[in-house]
């Protein structure tokens, strides 16, 4: 024990505590702390290391040994009395910031995907020289009772029906595949029609027809009883086809 060794040696030498303080120039209270081993009474016990070494030399004791023992004893006391570090709770906004960011990200991902799909679906594909002008509804847009698609008859395409009085041309269109058509008869407004496979359409005009065909290989046309040759394959678009064709010269 440090304090016991110091006190016993001092008393053996017949030196009072006051005399030791006067001769070593160490305050009496510090000598009392060393002999009583009340190190915890000081804010920083290591402060006593120099005093202990001087006091041990004065008494003729092993100063290095006592200092080493003192340092071990003080270190153990400090470790034993150390309180665990108290981690401060993060502010409320920090607790919710990360979950909030994740929630916003989860909401934005579907929105970004839908936006990408929408933009891509409206972007024209490269190399498509003549796409249909728009996506058209799967229904006939003609007024009721006028040019309505009909089921093909056995003689369809072979003989044109007799034109009504005052009309000059009859156009008969038969669909072998689903086909979109844009038809203008004379100066009337253009009409958009979707013919399904097997349907036939008959239209009159006094002077001419102007057509856009979305599937050239999917239709057969007969104008005034004569088959109209179409230069186009299945899926190919023909624009601004005039029937009957203009006579050259």
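Below are the figures for this structure:
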{"item": "Residue-span extension gain [residue 239 to residue 28] - 0.36 nm each, minus C-alpha spacing", "result": "64.4 nm"}
{"item": "Order of 25, 68 under a 10 Å beta carbon neighbour criterion, fewest first", "result": "25, 68"}
{"item": "Gyration tensor verdict on the range 2-81 (Cα atoms; rounded if a/c is under 1.5, prolate if a/b is larger than b/c, oblate otherwise)", "result": "prolate"}
{"item": "The range 2-81: relative contact order as a whole-number percent, Cα under 8 Å and 6+ apart", "result": "30 percent"}
{"item": "Spin-label pair residue 188/residue 4, simplified geometry with 7 Å Cα→Cβ offset, distance in nm", "result": "12.6 nm"}
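FYI, it's all coordinate maths here, none of it is from the lab. Here the structure is a predicted model, which means the values were calculated and not measured. Please note: Cβ atoms are built from the backbone with ideal geometry, for glycine as well, and neighbour counts cover all protein chains shown.
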